[in-house]
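The values are calculated or read from the model by the stated rules, or taken from the named source; none is laboratory data. This one's a predicted model, so the numbers in the text were calculated from it and none came from an experiment. Virtual Cβ from ideal backbone geometry, glycine too; neighbours counted across all protein chains shown.
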Amino acid sequence: MKERYHLRLPAPESLKDLPISQEDLKRAEDRRDVKRHREERRPIKLFWLLLGPGILVMLGENDGPSMISYATTGATYGVGFFLPFILLTFAMAYVVQEMTVRLGAVTKKGHAELINERFGKFWGWFAMGDLAFGNLLTLVTEFIAIRAGLGFFHVPSALSVFGAFLIIVGAVATQRYWTWERIVLSFAVFNLIFIPVAVLAHPVPTQIVKAFFSWGPIPGGVNASFILLVMSNIGATVTPWMLFFQQSAVVDKGLTPTDISHGRIDTALGALLAAIAAIATVLACVPLFTSHVDASNFQGADFAQALVPHIGSIGASLFALGLFEAGIVAALTISLSSAYAFGEVTGRSASINSPIKENLPFYAFLLAAAGIAALLVLIPHAPLVFITLIVNVIAVLAMPPAIVFLLLLVNDKEIMGEHANRPLGNVFGIGVTIFLILAGLTYGILTIFPHLFPTS
Amino acid sequence: MKNTDATSVSSPHDNHAWVHDVLEPDQLAAAKPQFGLRKLGAGTLLLLWILRIYVLLMILLISYQVWKAFHAKP
């Protein structure tokens, strides 16, 4: 029998002598509320206190490039294969993210911290490097979305980018995880703005139902652009930053094994809401498909402009606001995921509950990540269009190693004990990993042999 | 161990019994256990290296795509 981690904790009597940090105090205040509502058996209030990381990670992943990807899907393929496919990708995202809830709640350590401790600094820094590179590119695309969304309302680029950066600064300046989480949740709710936009596009309900049952049609059949859009839709749902963010957020929020069931509901609810918003975005752009508008080179605000004749200026304005929301929520969550990983790998406190004056490098890294991305967007002639197109693909390619680390950790009985993966969990986890590797390899083959599939 | 040298850390003599009451022991910044290195089998190490090479190859492919995009005829 292997030694369980809790046996290495200090003896209970010596725990009382340990110093209490500001971070501990803030987390304890949140947990005191949870304890009280659990004892008073108030399930709704308890769920309100415990929800957050799951909804944020899922709606955060409905980010700028994701919404552009869904809009392109609707404009290129209409109602068909991609509606059930998007639902499938969010089901995959749930399978993966649920494991991070258990890991965080049981070990009380973030994803980067666990990789570092269990596999060594070599693999820890590799994982951190993949994440930091992917996150920087993704953050650039979030600021592109923010700029495009507000550009529809004639807000100057510099003002929209600087304003978004100030929102990020304001949220972390609270130095309180709970407050930060509620600020971001209040922005994230507006991801559902795409639902009224879809309604304004007058989708045909029977077509939608038929698409979910038949997984079709696929206008033009399976060709190179179809496969790239499949990749882009996977990359819009399952990405490495999500693993790092949710596990660290679970730890920062102070969830424990008792809260795992609530964490699962939170994650499932997030996946459902995000899937609904994603499908709504596809449906909102179907009028462009039926009127044969070529949207293959469209960027953010182009979709809103092109939709004006079909859904009116109010619908188009809502679409543009949705793009801004997608960008700002993702910028808030992704910049924090970078800082969490930095804090964990460098052995600092990785908590937004820690005071700025005591944990300056953590906050500096967070703001530097967001600041550099914001500045890149403002550089004239920067290849922003290409970055937007490639960012989801990079996410798919970087995901298999990240999931393998996740599976190794969640099967590690020495740290997970009774919460380690069961056989069914591994079947799903390994299935998602193989699926992602095959998707990545297909992309590679398509790049080397572009004529293997028909081009149109 | 984290934060034990932080200026805002409370002394153990402060009345923080309620903190110990609501937080699990390993949630305290000063009491987080170190799990230690896990012994990786040859198969696991091979898998990790294959995936690392896979990512590097894919980065090369993306770089090729970037090069192609910049040299594409208008």
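Side notes on the structure shown:
- For the range A:307-365, a residue qualifies if it is without any contact (Cβ under 8 Å) to a residue 24 or more places away in the chain and polar (S, T, N, Q), and the qualifying residues are A:SER313, A:THR346, A:ASN359.
- Criterion: outside any helix (DSSP H, G or I) and among the polar types (S, T, N, Q) - qualifying residue of A:SER296, A:SER248: A:SER296
- Some residue of the range A:63-73 being crowded, with 24+ Cβ neighbours inside 10 Å and not in a helix (DSSP H, G or I): yes
- Screening the range A:136-164 for residues that are assigned to a loop (DSSP other than H, G, I, E, B) and touching a residue at least 60 places away in the same chain (Cβ under 8 Å) and picking the one that is nearest to A:SER66 (Cα to Cα) gives A:PHE152.
- Here A:TYR363 meets the list (1) surrounded by 20 or more Cβ atoms within 10 Å (Cβ to Cβ); (2) in contact with a Leu (Cβ under 8 Å, 6 or more places away or on another chain); (3) not charged (D, E, K, R) almost entirely, failing just condition (2).
- Listed by position, the helices (runs of 4 or more DSSP H) enclosed by the range A:366-456 that each have at least 1 residues that are of a type outside the set (D, E, K, R) and either touching an Asp or Glu at 6+ places or on another chain (Cβ under 8 Å) or away from chain B (no Cβ under 12 Å) (or both) are A:384-410, A:423-448.
- Test: A:ILE55 is at pLDDT 95 or above and under 23 Å from A:THR333 (Cβ atoms): yes
- Exactly one residue among A:LEU46, A:LEU50 is more than 26 Å from A:GLY343 (Cα to Cα) and modelled with pLDDT of 95 or more, and that residue is A:LEU46.
- Qualifying positions in the range A:74-107 - surrounded by fewer than 24 Cβ atoms within 10 Å (Cβ to Cβ) and either touching a strand residue (DSSP E or B) at 6+ places or on another chain (Cβ under 9 Å) or within 14 Å of chain B (Cβ to nearest Cβ) (or both): A:ALA105, A:VAL106
Let's see how each residue does on (1) at pLDDT below 95; (2) among the aromatic types (Phe, Trp, Tyr); (3) assigned to a helix (DSSP H, G or I):
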residue: A:LEU166; (1), (2), (3): no, no, yes
residue: A:VAL169; (1), (2), (3): no, no, yes
residue: A:TRP178; (1), (2), (3): no, yes, yes
residue: A:ILE183; (1), (2), (3): no, no, yes
residue: A:ILE193; (1), (2), (3): no, no, yes
residue: A:VAL197; (1), (2), (3): no, no, yes
residue: A:GLY216; (1), (2), (3): yes, no, no
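- Among (1) at pLDDT 95 or above; (2) closer than 30 Å to A:GLY151 by Cα; (3) buried (at least 20 other Cβ atoms within 10 Å of the Cβ), the one test that A:GLY371 misses: (3)
- Candidates A:SER338, A:SER313, A:SER349: the one that is more than 14 Å from chain B (Cβ to nearest Cβ), polar (S, T, N, Q) and more than 21 Å from the chain's Cα centre (by Cα) is A:SER313.
- Residue check for A:ASN191: within 14 Å of A:PHE81 (Cα to Cα) and within 18 Å of the chain's Cα centre (by Cα): no
- Against the list (1) surrounded by fewer than 17 Cβ atoms within 10 Å (Cβ to Cβ); (2) of a type in the set (A, V, I, L, M); (3) assigned to a helix (DSSP H, G or I), the condition A:VAL222 fails is (3).
- Close pairs from the range B:32-60: first at negative phi, partner surrounded by 12 or more Cβ atoms within 10 Å (Cβ to Cβ) and acidic (Asp, Glu), Cβ under 6 Å, at least 6 apart: B:LYS32/B:ASP26; B:PRO33/B:ASP26; B:PHE35/A:GLU117
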